[in-house]
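None of the figures in this text is laboratory data; all of them are computed from the coordinates on show. All values reported here derive from a predicted model rather than from experimental measurement. Glycine also receives a Cβ, built like all others from the backbone with ideal geometry; neighbour counts cover every protein chain displayed.
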Amino acid sequence: MALRSRCIIDPRSATVETWKSAVTAMQVGSALFAVTTTNEERVECRIDRELRSIPATGPRSFADAGTWLTTFWLAVTCRDEDRMTQLSEIPLDRLRSPEGSYDEYIYHWVDTLQSWWLRRPNLADKLIATIQASDPAVARIAPQDLLQAVLYPPINLFYHYVRNDRDGFAPALADALKLHKTYWTLTEGRATDIDGSVALAPLAIACLAYDADFPLDIESDYLPKHLLQRTWIGEFPT
């Protein structure tokens, strides 16, 4: 919430406070999974520039696939490879929610991202399974407009990234941002909802493309420039 609020008043992430909010959000999300998956009694986590000893809690319902995706995108955006690895090593079964909570595609999506980062086999097959399971004709739980405008575009964007499609990536990113805007401005309630202030998943995948020197000539308030261009990396320990 703090990061999304910062992106409203600082859409280019030109101030260090916005970077700090992104880092803190990543740290809190990572800590959540650390304390719910560890076999130790306590976990040492850095949050808001301080090392904190946090008691383990055991599994919790909120440490699920949806929260995992948000935390993973934050780690990608902050270029924190250690946290990306820690998150990718969490067994998929630990992220499952009771039946009916999520469409099955979300577990294929997590599996795809974990396999990509840890260089596990069958990445192409897992990505294809994600694409097929996220088809509106298959997915039944997520609202169709949310699925088509917000949840599916990052999958398509990642498809262009892993294929090293340098010509197709930027148009796919532009489409993802256009769909994000359409969804979050369709009604007055959505237009005032801070959840739409930044396109987190497209931002994270754009960060991967930027670091790989993909041609990106896109500016959008939904894509904070200085988070994309890692301007604040190294400003303080994360």
Cβ-Cβ FRET estimate between Thr182 and Val162, R0 fixed at 30 Å, reported to 0.05: 0.70
Once Glu41 and Asp145 are pulled to full extension, the length gained, defined as 0.36 nm per residue separation minus their Cα-Cα distance, is 33.2 nm
Could you give the distance between the Cα centres of the range 19-38 and the range 78-96, to the whole Å? 11 Å
Please list the non-local residues whose amide H lies under 5 Å from the amide H of Val43, H modeled 1.01 Å from N, same-chain partners needing a gap of 5 or more. Ile54, Ala56
Check cross-link reach from Lys178 to the aspartates and glutamates: straight Cα distance under 13 Å, and skip same-chain residues fewer than eight apart. Glu219, Asp221
Could I have the simple spin-label model distance between Asp193 and Ala56, label points 7 Å from Cα toward Cβ, reported in nm to one decimal? 3.7 nm
Normalised by the number of residues in the chain, what is the relative contact order in percent for Cα pairs under 8 Å and 6+ residues apart? 23 percent
With N set to the residue count of the range 2-228, report its C-alpha Rg divided by 2.2 N^0.38 Å to two decimal places. 0.99
Across the range 1-123, what fraction of all alpha-carbon pairs, as a whole percent, falls in each successive 5 Å bin from zero upward? 2, 11, 19, 21, 19, 15, 9, 3, 0
Any chance you could run the full-extension gain for Arg4 through Asp211? It's 0.36 nm times the residue separation minus the Cα-Cα distance, nm to one decimal. 72.2 nm
Dividing the helical contributions, -39500 (n - 2.57) per DSSP H run of n ≥ 4, by the residues of the chain yields a 222 nm value, nearest 500 deg cm²/dmol, of -16000 deg cm²/dmol
